[in-house]
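Student: One structure is given below, represented as structure tokens, and several questions about it will come after.
The values are calculated or read from the model by the stated rules, or taken from the named source; none is laboratory data. Every value quoted in this text rests on a predicted model; they were computed, and no experiment measured them. Here the Cβ is made from the backbone with ideal geometry for all residues, glycine too, and neighbour counts use every protein chain on show. Just so you know, the surface numbers come from the protein's heavy atoms only, side chains and all, with ligands and any DNA or RNA stripped out. Shrake-Rupley method; radii C 1.70, N 1.55, O 1.52, S 1.80 Å.
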Amino acid sequence: MSLPSLEQPFVTGSMDSAAGKIPRIPSKLLLRDYWGTFKARWGVGRMNYCVDPGLYALGRPTKDSPVFVTANYKMSFDSVRAGLMDLSAWILVLDTKGINVWCAAGKRTFSTEEIIHRIRSARLQDLVSHRTVIVPQLGAPGVAAHDVRKETGFRVIYGPVLAANIPAFLTDGFKCSPEMRRVAFPLKDRMALIPIELVGTLRYLWIPLLLFLLLDLFSPGFFRNLFLKDVLLTMGAVIAGTVLTQVFLPWLPGRAFALKGWVAGLIVTGGLGLCFSLPVVLQISDLLLFPAAAAYMGLNFTGATPFTSLSGVVKEMSTAIPVILLSLLAAVVLRIIFLFG
């Protein structure tokens with residue numbers, strides 16, 4: 001049996017148990033925790049921002065203390081312990097490969113099998129007198145509660161969407177109000193997703209810009225104008241697809257993220273395109289190219305939000321990607337016709 005390391009920076013001590021030395025952790029987050037979150041939001045060490053799976057003791061839990069299940073993505077882990085404030089509890093961390101609860105449930109790493117394995121591995125039945133584990137509501141798609149109970153004897157109760165509501169959930173006898181079950185996804189939460197998408201896109205931005213440079217070198221007579229236009233419209237598509245799509249998500253038309261990204265891209269890049277006097281064939285090419293690029297960037301958000309179910313993600317991708325590819329192909333053909341036709 002492998003226990004979480006006591007050498008992790010947020011561990012303040014340990015307690016002896018039937019399963020061995022269990023790391024003791026505080027509910028108060030420190031400056032280094034917030035700094036780690038900030039870096040991960042901007043893609044620095046994001047894929048390694050995780051904690052050891054296993055059982056943790058928050059405060060000074062007893063055999064009667066509740067058991068909360070979470071993912072080993074450190075933001076998920078931190079939100080649970082911070083949400084419990086100064087309470088004492090057990091936190092059972094699943095090995096979700098460093099993925100948050102919502103996404104891990106869709107990827108089946110926050111799963112029935114993993115909960116069963118961790119309950120047995122931690123010898124939870126020897127540590128608590130009750131037979132209940134509290135699973136976050138957003139992890140429900142990956143968990144079959146009846147199988148967990150059949151295999152371990154532990155009943156699964158689904159907690160609130162937000163960890164901040166855990167104290168009220170405990171006070172009300174493990175009951176959630178309708179508000180606690182509702183996924184609001186306000187502007188603050190939407191904006192939290194922007195940095196990682198923006199950084200990931202900018203990392204590869206040199207590829208389309210290099211292609212534009214090479215193509216524009218062949219353009220008759222007005223290379224500087226064309227390349228400046230392509231740079232501005234490329235940046236406009238990036239801002240529209242990675243930033244404005246999330247900021248204005250509730251107000252952009254349609255349900256599909258690709259459509260929302262396309263509309264944002266059309267408004268931004270179409271407006272920028274009006275600043276240049278270009279042949280009609282190039283204008284049409286730009287209208288096919290840049291909004292489609294913004295649509296693809298907007299599509300990236302569909303699996304990272306609670307607005308779309310797993311089946312909805314698959315359906316949107318299977319519909320949107322062929323349309324985006326056809327639009328991009330048509331734009332390239334028109335550009336080549338202009339250059340060499």
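Student: Give the residue that is most open to solvent (accessible area, probe 1.4 Å), with candidates limited to residues of segment 23-47 that are in contact (Cβ under 8 Å) with a residue 60 or more places away in the chain and closer than 20 Å to Val69 by Cβ.
Tutor: Ser27
Student: Step by step: first the residues of segment 1-22, then only those that are open to solvent by 80 Å² or more (accessible area, probe 1.4 Å) and part of a strand (DSSP E or B), then the one that is nearest to Arg120 (Cα to Cα). Which residue is that?
Tutor: Lys21
Student: Where residues in segment 162-181 are of a type in the set (A, V, I, L, M, F, W, C) and open to solvent by less than 50 Å² (accessible area, probe 1.4 Å), which of them is nearest to Phe77 (Cα to Cα)?
Tutor: Filtering segment 162-181 for residues that are of a type in the set (A, V, I, L, M, F, W, C) and open to solvent by less than 50 Å² (accessible area, probe 1.4 Å), the one nearest to Phe77 (Cα to Cα) comes out as Ala163.
Student: Taking segment 197-227 as the region of interest, how many residues are buried (at least 16 other Cβ atoms within 10 Å of the Cβ) and at pLDDT 90 or above?
Tutor: Selection size over segment 197-227: 4.
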